[in-house]
Amino acid sequence: MALAPDHLGPTVTVGEILVEIMATSIGEGFRQPLDLVGPYPSGAPAIFTDQCARIGGSAAIVGAVGADDFGRLNVDRLARDGADVSAIAVVPDYPTGSAFVRYRADGSRDFVYNIATSAAARFGWSEAVATLVAKAGHLHVMGSALSMPSAVAVIDRAVEIVKERGGTLSFDPNLRKELRYDAETERRFSELVAMADLLLPSGEELERAAGVPGREAAIEKLLAMGIPEIALKEGARGASVFTADAEPLHVAAFAVTEVDPTGAGDCFGGAYVACRRLGSGIEEALTYACAAGARNVTVRGPMEGAGTRDELDAFIAATQRAAP
């Protein structure tokens, strides 16, 4: 099954909208004074939505920000880039969510989040959300949102409405070691995997989604479950798409100098979903997705490198592919 066409209605994401502030030095954690840069608009669903809109897809987000400059920074960026921000609630009594990040020498990251006690977690089913979901053509869910009860409540209702009107669902496991996932969350995670029309895992998320060890076994099980399409993000190795009725398709990564890897997977997903909904075949969509992720890591900030179609065309033409 192909993803629902873009003209059916926007791709809607649900979840955290944050600012990101990052350490300028490599090291572990935040246990001494550090030089920091930011704030940058962020939050995995927001990054996805921004890239989806910038490449030409119809995109919207459900979430909440505080009545502060951090919130205005996010809403202004999303609106400027063409996203529908009508279902972003402004919560006056709580600050906009935040994430402080520091990179370790091995490329891994340490985060300090403020989500649960910020505006990011304080939204629900409202008239604005109902109006948006009623016209949605596709729902995109990220695993990070499953740690937020407010997001889960909206997702549960939105999935049913979107599917009933012929829309589709994509799911990016996007799990974070800093966030807690209880038994109920794990159940929802498994349900979303089974319902997905498109799965967008990376690394070990593939095996977790399938519940079995080993790449090949995981892919075989997920396809046997009836998931039509799996787009596997493989970092410096590029990306691959697996479907039940065709040979796997692989696209090599673009050779770039990495400045900030945050947001690469979210830009990949935003570009891939938008392109597929706009009618691109798998290879074209995968090429744009790899380009979007690669372009984003060349600048500091989680969505500062999100590209328009023209910008991504120029990037593809000018950038060599990495060796396999």
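See the values below:
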quantity: Matching residues, segment 190-205, being buried (at least 22 other Cβ atoms within 10 Å of the Cβ) and within 15 Å of Ser240 (Cα to Cα); calculated: Leu198, Leu199, Leu200, Pro201
quantity: Residue match in segment 277-284 (condition: touching a residue at least 24 places away in the same chain (Cβ under 8 Å) and within 28 Å of Glu20 (Cβ to Cβ)); calculated: yes
quantity: Matching strands (runs of 3 or more DSSP E) fully within segment 98-206 where at least 1 residues are touching an Asp or Glu at 6+ places or on another chain (Cβ under 8 Å) and modelled with pLDDT of 95 or more; calculated: 138-142, 168-172
quantity: Filter result (among the hydroxyl-bearing types (Ser, Thr, Tyr), touching a helix residue (DSSP H, G or I) at 6+ places or on another chain (Cβ under 7 Å) and crowded, with 24+ Cβ neighbours inside 10 Å) within segment 145-171; calculated: Ser170
quantity: Residues that are open to solvent by 30 Å² or more (accessible area, probe 1.4 Å) and among the β-branched types (Val, Ile, Thr), drawn from segment 62-96; calculated: Val75, Val85, Val90
quantity: Sole residue being farther than 26 Å from Leu8 by Cβ and free of Cβ contacts under 8 Å to residues at least 24 places away in the same chain, chosen from Asp106, Asp68; calculated: Asp106
quantity: Condition met for Ser280 (of a type in the set (Gly, Ala, Ser), within 19 Å of the chain's Cα centre (by Cα) and surrounded by fewer than 21 Cβ atoms within 10 Å (Cβ to Cβ)); calculated: no
quantity: Criterion (closer than 19 Å to Met142 by Cβ and either buried (at least 21 other Cβ atoms within 10 Å of the Cβ) or among the charged types (D, E, K, R) (or both)) met by exactly one of Thr262, Thr287; calculated: Thr262
quantity: In segment 97-137, the residues that are within 30 Å of Val37 (Cβ to Cβ), among the aliphatic types (A, V, I, L, M) and open to solvent by less than 60 Å² (accessible area, probe 1.4 Å); calculated: Ala99, Val101, Ile115, Ala119, Ala120, Ala121
quantity: Boolean, Ala224 is hydrophobic (A, V, I, L, M, F, W, C), closer than 23 Å to Ile47 by Cβ and loosely packed, with under 15 Cβ neighbours inside 10 Å; calculated: no
quantity: Hey, Ala289 of a type in the set (A, V, I, L, M, F, W, C), part of a helix (DSSP H, G or I) and touching a strand residue (DSSP E or B) at 6+ places or on another chain (Cβ under 8 Å) or not; calculated: yes
quantity: Sole residue being of a type outside the set (Lys, Arg) and under 19 Å from Ala145 (Cα atoms), chosen from Gly238, Gly270, Gly293, Gly281; calculated: Gly270
quantity: Count - residues of segment 84-141 that are out of contact with any strand residue (DSSP E or B) (no Cβ under 6 Å at 6 or more places or on another chain) and among the charged types (D, E, K, R); calculated: 5
quantity: Residue count for segment 71-97, restricted to those that are of a type outside the set (D, E, K, R), more than 24 Å from Val152 (Cα to Cα) and either over 19 Å from the mean Cα position of the chain (by Cα) or not in a loop (DSSP other than H, G, I, E, B) (or both); calculated: 2
quantity: Residues that are touching a residue at least 40 places away in the same chain (Cβ under 8 Å) and over 18 Å from the mean Cα position of the chain (by Cα), drawn from segment 202-242; calculated: Pro228, Ala236, Arg237
quantity: Subset tally (residues that are in a strand (DSSP E or B) and out of contact with any strand residue (DSSP E or B) (no Cβ under 6 Å at 6 or more places or on another chain)) for segment 38-58; calculated: 1
quantity: Residue among Asp35, Asp50 that is open to solvent by 60 Å² or more (accessible area, probe 1.4 Å) and either charged (D, E, K, R) or farther than 15 Å from Met303 by Cα (or both); calculated: Asp35
quantity: Among residues of segment 47-61, those that are of a type in the set (A, V, I, L, M, F, W, C) and either without any contact (Cβ under 8 Å) to a residue 60 or more places away in the chain or under 20 Å from Thr131 (Cβ atoms) (or both), counted; calculated: 5
quantity: Residue in segment 54-62 that is charged (D, E, K, R) and at pLDDT 95 or above present; calculated: yes
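The values are calculated or read from the model by the stated rules, or taken from the named source; none is laboratory data. As the structure is a prediction and not an experimental result, all values here were calculated from the model. Positions of Cβ are generated from backbone atoms using ideal geometry, with glycine treated the same way; all protein chains shown enter the neighbour counts. Side chains are part of the model used for accessible areas, which takes the heavy atoms of the whole protein and leaves out ligands, DNA and RNA. Shrake-Rupley method; radii C 1.70, N 1.55, O 1.52, S 1.80 Å.
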